[in-house]
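Step one of this worksheet: look at the structure below.
The values are calculated or read from the model by the stated rules, or taken from the named source; none is laboratory data. Model, not experiment: these values are computed from the prediction. Cβ coordinates were reconstructed from backbone atoms using ideal geometry, including for glycine residues, and neighbour counts include every protein chain displayed. Note: areas computed on protein heavy atoms with side chains; ligands, DNA, RNA excluded. Shrake-Rupley method; radii C 1.70, N 1.55, O 1.52, S 1.80 Å.
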Amino acid sequence: MPKIDKSGRLSSTRAARENSLSRVLRFSRQNLHMSFEIRAKKKQSSSLITSLPEDVIIDILARVPRGDYPKLSLVSKHFRSLVESSEIYARRSLLGCTEHCLYAVIFNEETWDYEWYILRRKVNGNRHLVPIPSLPDIPRGVSFVRVGSKIYVFGGSDQNYIALSIDCRSHTMQTLPSMPMPISYTIANIIDGRIYVIGNFDFLKVMVVFNTATQMWEPEIIKVDIELGNTWRGSVVMAEKMYTRDYGYSFVYDPKKSKWDKDEVLNSKKWKHACVVDDVLYYYDGEENEIRAYDPKQKYWRVVKGLEEFLPETARYSRWSNTVDYDGKLVLFLTKCEEKTCEIRCAEISLERHQRKEIWGKVAWFDQVLTSGNLSLVKPLAVMV
């Protein structure tokens, strides 16, 4: 029974309690109302996105960096279909939003197959190589050629020969017409829309040509009329000519003349896994711990300056090195193995040619992109998507 004073009012203690309860109820009602408003706004904003015309949605998504597309594909099945569609990449091209993506072919020493990886940026800004599970493993003995947004793969070994293209926009594979003859351990490059594929057939070196415009093989099978040995060091294209090297010599093939020659100046260095940036060849010299450059017009070797502090002494002991042209910049991969662990490190280097014909390099970033006990880098590829 509450206590009542002489004026007939509740005691001050009771009144205080009721005032507190009233404030709590008002606060709860306000919060509940705000919660309903927030939920309504969220529902309205999400419905606004889905109710937008398809063209507008594509226009918005086309402006998003391509590296964020895997996250966008998790939003809904509709978004997944959009970021994998040809329409969004056509819109990216019209808007000037195309960008270079860096792919890496990795050799798995347990399965003896090639696997696909792509370079992504972590939340902290560092880069790392991420596997692409939607792409199949590739047998050994093949070569890779980047053409636009596609990667062509030809060759094979041990009766396992393939000819296919990979669409890097959707990460899907398309089978191509079989090679005119099964050639193994190939090297390949593209010149004027034609992919020249050189490989082994019955202890001979032969060349076949794939026309990317017609998506067909040309009928002629070209016998390589030089003593070309193992070409694991790779090949490049400079000034519409194909350059390659075996253990002893450097060779150049001119498709316009269908003629092979030796390049004695190029042959003065044991170049391997090189790339070409602005018609100049670059490779990492592990013995001298330097990046060297060769200009075919001037027929002269140079050392890229400005990288003395970057290239650590330990780099010379890397097991493998690879280079790739990445939108006019040089990307260097170094693979170092200790005991049962291999580390792949990657650096992006901008290049600048001075009036005295010197070439200077500047490191934009340098990250450890993959650590594994059974993987090694075979081929990096920069693809425009």
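Contact map, segment 271-283: residues that are without any contact (Cβ under 8 Å) to a residue 60 or more places away in the chain paired with residues that are among the charged types (D, E, K, R) and assigned to a loop (DSSP other than H, G, I, E, B), Cβ distance under 7 Å, separation 6+ or inter-chain. Pairs shown: K272/R233; H273/R233; Y283/K272. When segment 67-96 is filtered for residues that are over 18 Å from V130 (Cβ atoms) and either hydroxyl-bearing (S, T, Y) or in contact with a Phe, Trp or Tyr (Cβ under 8 Å, 6 or more places away or on another chain) (or both), the ones remaining, listed by number, are S76, S81, S85, S86, Y89, S93.
Only one of the numbered conditions (1) in contact with a helix residue (DSSP H, G or I) (Cβ under 8 Å, 6 or more places away or on another chain); (2) of a type outside the set (F, W, Y); (3) open to solvent by 70 Å² or more (accessible area, probe 1.4 Å) is not met by M216, and that is (1). Residues in segment 173-185 that are in a strand (DSSP E or B) and farther than 13 Å from F203 by Cα: M173, Q174, T175. Residues of segment 47-59 include none that is within 27 Å of L330 (Cα to Cα), under 25 Å from the mean Cα position of the chain (by Cα), surrounded by 10 or more Cβ atoms within 10 Å (Cβ to Cβ) and modelled with pLDDT of 75 or more.
Listed by position, the strands (runs of 3 or more DSSP E) enclosed by segment 49-165 that each have at least 1 residues that are within 28 Å of N322 (Cβ to Cβ) and of a type in the set (D, E) are 113-121. Of the candidates L307, L281, L311, the single residue that is open to solvent by less than 30 Å² (accessible area, probe 1.4 Å) and touching a helix residue (DSSP H, G or I) at 6+ places or on another chain (Cβ under 8 Å) is L281. Report yes if some residue within segment 316-323 is part of a loop (DSSP other than H, G, I, E, B) and surrounded by 18 or more Cβ atoms within 10 Å (Cβ to Cβ); otherwise report no. Yes, some residue in segment 316-323 is part of a loop (DSSP other than H, G, I, E, B) and surrounded by 18 or more Cβ atoms within 10 Å (Cβ to Cβ).
Within segment 141-170, if we keep just the residues that are more than 17 Å from W232 (Cβ to Cβ), open to solvent by 40 Å² or more (accessible area, probe 1.4 Å) and touching a Pro at 6+ places or on another chain (Cβ under 9 Å), the residue that is modelled with the lowest pLDDT turns out to be Q159. The set of residues in segment 96-117 being surrounded by 15 or more Cβ atoms within 10 Å (Cβ to Cβ) and either modelled with pLDDT of 95 or more or out of contact with any strand residue (DSSP E or B) (no Cβ under 7 Å at 6 or more places or on another chain) (or both) consists of C97, L102, Y103, A104, V105, W116, Y117. Selection within segment 254-278: residues that are open to solvent by 10 Å² or more (accessible area, probe 1.4 Å) and β-branched (V, I, T). The member of this set that is nearest to R233 (Cα to Cα) is V276.
Among the residues of segment 172-193, those that are surrounded by 15 or more Cβ atoms within 10 Å (Cβ to Cβ) and without any contact (Cβ under 8 Å) to a residue 40 or more places away in the chain comprise M173, L176, M179, P182, I183. Taken over segment 325-364, the criterion of being out of contact with any Ser or Thr (no Cβ under 6 Å at 6 or more places or on another chain) and among the polar types (S, T, N, Q) is satisfied by T341, S350, Q355. If the condition is being within 30 Å of S170 (Cβ to Cβ), open to solvent by less than 60 Å² (accessible area, probe 1.4 Å) and either small (G, A, S) or over 16 Å from the mean Cα position of the chain (by Cα) (or both), then segment 339-385 contributes A347, S372, N374, L375, S376, A382.
Checked against (1) free of Cβ contacts under 8 Å to residues at least 24 places away in the same chain; (2) touching a helix residue (DSSP H, G or I) at 6+ places or on another chain (Cβ under 8 Å); (3) among the hydrophobic types (A, V, I, L, M, F, W, C), V123 passes all but a single condition, namely (2). When the criteria are applied in full, E87 fails the requirement of being closer than 18 Å to V378 by Cβ, open to solvent by 60 Å² or more (accessible area, probe 1.4 Å), at pLDDT below 90 and not polar (S, T, N, Q). When Y294, Y249 are checked against the criterion of being open to solvent by less than 10 Å² (accessible area, probe 1.4 Å) and in contact (Cβ under 8 Å) with a residue 12 or more places away in the chain, a single residue qualifies: Y294.
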